[in-house]
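Engineer: Below you'll find the structure I mean.
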Amino acid sequence: MNLETLRAYLLKQPGAVEDFPFGPEPLVAKVAGKMFALVAFREPPLRVSLKCEPYHALFLRERYAAVRPGYHLNKQHWNTIDLNGGVPDDEVLLMIDESYRLVVKSLSRAALRQLQRPSETE
């Protein structure tokens with residue numbers, strides 16, 4: 001997976017925006033102001049950190065050598081994935097979906113209404 005494909009998929013999530021709150025790197029994908037992905041792209045390999053259910057995070061770490069506890073993040077709830085081919089792209093996309101879903105699930109009712117409002121008018 002390359003940066004353009006990753007970035008496009010992250011921003012395809014409803015309400016997702018990209019931000020650079022920590023400087024020129026990492027790229028941070030947010031929904032309703034909350035992070036669901038951090039992308040380190042300046043030095044190879046391309047890496048993405050994603051939120052994950054704790055039991056699933058452990059499973060993924062055991063299954064793939066390219067999945068490690070979240071770098072500079074809560075290691076119980078975040079994984080960092082090297083996108084060097086060690087994890088199939090479709091599995092990475094599922095991990096992104098899970099991270100997004102977990103963050104959306106934690107939003108306040110008001111934030112959820114704001115997030116849902118644009119799709120109601122389409």
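Engineer: Looking at ALA37, ALA57, ALA65, which one is assigned to a loop (DSSP other than H, G, I, E, B) and touching a residue at least 12 places away in the same chain (Cβ under 8 Å)?
Structural biologist: Working: ALA37 fails: assigned to a loop (DSSP other than H, G, I, E, B); ALA57 fails: assigned to a loop (DSSP other than H, G, I, E, B).
So the residue among ALA37, ALA57, ALA65 that is assigned to a loop (DSSP other than H, G, I, E, B) and touching a residue at least 12 places away in the same chain (Cβ under 8 Å) is ALA65.
Engineer: On to the next question. Of all residues being small (Gly, Ala, Ser) and surrounded by 11 or more Cβ atoms within 10 Å (Cβ to Cβ) in region 1-16, which is nearest to ALA40 (Cα to Cα)? Just the residue, please. Full working, then the answer.
Structural biologist: Step one: filter region 1-16 for residues small (Gly, Ala, Ser), giving 8, 15-16.
Remaining after also requiring surrounded by 11 or more Cβ atoms within 10 Å (Cβ to Cβ): 15-16.
On the way: GLY15: 21, ALA16: 18 Å.
Taking the candidates together, the pick is ALA16.
Engineer: Give the number of residues within region 17-29 that are surrounded by fewer than 18 Cβ atoms within 10 Å (Cβ to Cβ) and either within 14 Å of GLU4 (Cα to Cα) or not aliphatic (A, V, I, L, M) (or both). Steps first, answer last, please.
Structural biologist: Start the filter on region 17-29 by keeping residues that are surrounded by fewer than 18 Cβ atoms within 10 Å (Cβ to Cβ), which leaves 17-25.
Filter once more, keeping what is either within 14 Å of GLU4 (Cα to Cα) or not aliphatic (A, V, I, L, M) (or both): 18-25.
Residues meeting the conditions: 8.
Engineer: If you go through region 30-79 one residue at a time, how many are surrounded by fewer than 16 Cβ atoms within 10 Å (Cβ to Cβ) and touching a strand residue (DSSP E or B) at 6+ places or on another chain (Cβ under 6 Å)?
Structural biologist: 3
Engineer: Scanning for something outside any helix (DSSP H, G or I) and at negative phi, does region 90-97 turn up at least one residue?
Structural biologist: Taking region 90-97 as the starting set, the residues that turn out to be outside any helix (DSSP H, G or I) are none.
No: zero hits.
Engineer: Exactly one of (1) out of contact with any helix residue (DSSP H, G or I) (no Cβ under 8 Å at 6 or more places or on another chain); (2) of a type in the set (Phe, Trp, Tyr); (3) touching a residue at least 24 places away in the same chain (Cβ under 8 Å) is unmet by TRP78. Its number?
Structural biologist: That leaves (1) as the condition not met.
Engineer: Scan region 37-44 and give yes if some residue there is within 18 Å of ASP90 (Cα to Cα) and either out of contact with any helix residue (DSSP H, G or I) (no Cβ under 9 Å at 6 or more places or on another chain) or modelled with pLDDT of 95 or more (or both), otherwise no.
Structural biologist: Yes, region 37-44 contains at least one residue that is within 18 Å of ASP90 (Cα to Cα) and either out of contact with any helix residue (DSSP H, G or I) (no Cβ under 9 Å at 6 or more places or on another chain) or modelled with pLDDT of 95 or more (or both).
Engineer: Within region 1-28, which residues are in contact (Cβ under 8 Å) with a residue 40 or more places away in the chain and within 20 Å of LEU102 (Cα to Cα)?
Structural biologist: Those that are in contact (Cβ under 8 Å) with a residue 40 or more places away in the chain and within 20 Å of LEU102 (Cα to Cα): LEU6, TYR9, LEU10, GLN13, PRO14, GLY15, ALA16.
The values are calculated or read from the model by the stated rules, or taken from the named source; none is laboratory data. Worth saying up front: this structure is predicted, and the values here are computed from it rather than measured. Quick reminder, even Gly has a Cβ in these numbers, built from the backbone with ideal geometry, and neighbours come from all protein chains shown.
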